[in-house]
1. For a quick check of your reading of the model, give me the residue pairs whose first member lies in segment 59-88 and is assigned to a strand (DSSP E or B), whose second is charged (D, E, K, R) and surrounded by fewer than 20 Cβ atoms within 10 Å (Cβ to Cβ), with beta-carbon atoms closer than 6 Å and at least 6 apart or on different chains.
2. Ser95: touching a helix residue (DSSP H, G or I) at 6+ places or on another chain (Cβ under 8 Å), exposed (fewer than 12 other Cβ atoms within 10 Å of the Cβ) and of a type in the set (Gly, Ala, Ser), yes or no?
3. Every residue in segment 208-224 that is buried (at least 20 other Cβ atoms within 10 Å of the Cβ) and either part of a strand (DSSP E or B) or not assigned by TED's automatic domain parsing to the domain that holds Pro118 (or both), please.
4. Six or more apart or on different chains, Cβ under 9 Å: which pairs go from a residue in segment 90-117 that's closer than 18 Å to Gly77 by Cβ and assigned to a strand (DSSP E or B) to one that's among the aromatic types (Phe, Trp, Tyr) and modelled with pLDDT under 90? Could you list them?
5. Looking at segment 250-284, which of its residues are closer than 17 Å to Val34 by Cα, within 8 Å of the chain's Cα centre (by Cα) and buried (at least 21 other Cβ atoms within 10 Å of the Cβ)?
6. Could you check segment 247-284 and list, in sequence order, the residues that are among the aromatic types (Phe, Trp, Tyr) and part of a helix (DSSP H, G or I)?
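The values are calculated or read from the model by the stated rules, or taken from the named source; none is laboratory data. Since we're looking at a predicted model, the values are computed, not measured. So basically every Cβ, Gly included, is an ideal-geometry build from the backbone, and we count neighbours across all protein chains shown.
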Amino acid sequence: MRRFAIFSFGTVALFAPVFATASTISISLTPTHVIQGEPVMVKLLGATTTAGVKSVTFDGKSLGVFLYQGIPTALIGVDLNKVAGDYDVVAVLASGERTKATLTIDKRPKVEAPLGIPEKLGGNTAASQAKLVATLQSDNASLASIRTGVKSFWTKSFVAPFANPVVTDSYGYSRQTGPYSIPHKGADFQAKIGTPVIAMNRGIVRVARTYRDYGKTIVVDHGLGLMTFYMHLSKIRVNVGELVQQGQVIGLSGQTGYAEGPHLHLTVRINGISIDPIKFLAFF
């Protein structure tokens, strides 16, 4: 697999929360300033239960609210193509009280790198490039239709998919394959074939199957639109519908599908939006 950027979790800084005050509750955004493709954690300080929260919205769209560490919390996924600017995050209580905070989104620097097609998928020919793009579209449509739980299945912090992770290919750049540009909406981890891959948190397995391009794939639904995707596996050790626990081995890493070498591709989605997994893990 092409090596694009290498860094470890130890270099990821946690964000300091900034507060927007209200008479009873305040909204904490972590962080208050992001670039396209990054996640945001929203906390309603002053509230101790989700029962009194009528809604939390970002850019007019509702967010799922769950209790984390005793605080009503929500997650925002900022799309790679989200227009840069200032956006309101608004909380409304059952009492009618309303408060808001401002999230600033900047453009992501544009980075491109060439990436070939492995011989097992036809090599670097015009025909195989067109087929890759077509099958990615159909596979992505299938993955976009996955249902999610109406409640949060997790209470513990999220963990990395294995010990001592090293990222070898980062999130958010564009891979040039012939005339096509394919955004890398995940992070690739250094992993020999057969490395045990664990569930990052408690959730329900929604997908456990093989795709042409993504290879052997597992999707764990953590509820309220939060999902983790584990791709290019050599073995799948779970079944659809199974409730898995944080740290449970769900598969073994490999290089199946559109992979030039052994690694684990990890995607994290919030309400259908793929965000930077390393920034997400920094919350925990």
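1. Taking only residues 6 or more apart or on different chains, the pairs are Tyr87/Asp59; Asp88/Lys100.
2. Numbers: touching a helix residue (DSSP H, G or I) at 6+ places or on another chain (Cβ under 8 Å): yes; exposed (fewer than 12 other Cβ atoms within 10 Å of the Cβ): yes; of a type in the set (Gly, Ala, Ser): yes.
In short, yes.
3. As a first pass, look at segment 208-224 and keep what is buried (at least 20 other Cβ atoms within 10 Å of the Cβ): 208, 211, 213-214, 216-222, 224.
Within segment 208-224, Ala208, Tyr211, Lys216, Thr217, Ile218, Val219, Val220, Asp221 qualify.
4. Filtered contacts from segment 90-117: Ala101/Phe19.
5. Pass one, segment 250-284, residues closer than 17 Å to Val34 by Cα: 268-270, 273-283.
Within this subset, residues satisfying the condition of being within 8 Å of the chain's Cα centre (by Cα) are 268-270, 273-277, 280.
Listed by number, the residues that qualify are Val268, Arg269, Ile270, Ser274, Ile275, Asp276, Pro277, Phe280.
6. The initial filter retains those residues of segment 247-284 that are among the aromatic types (Phe, Trp, Tyr), namely 258, 280, 283-284.
Scanning segment 247-284 gives a single hit, Phe280.
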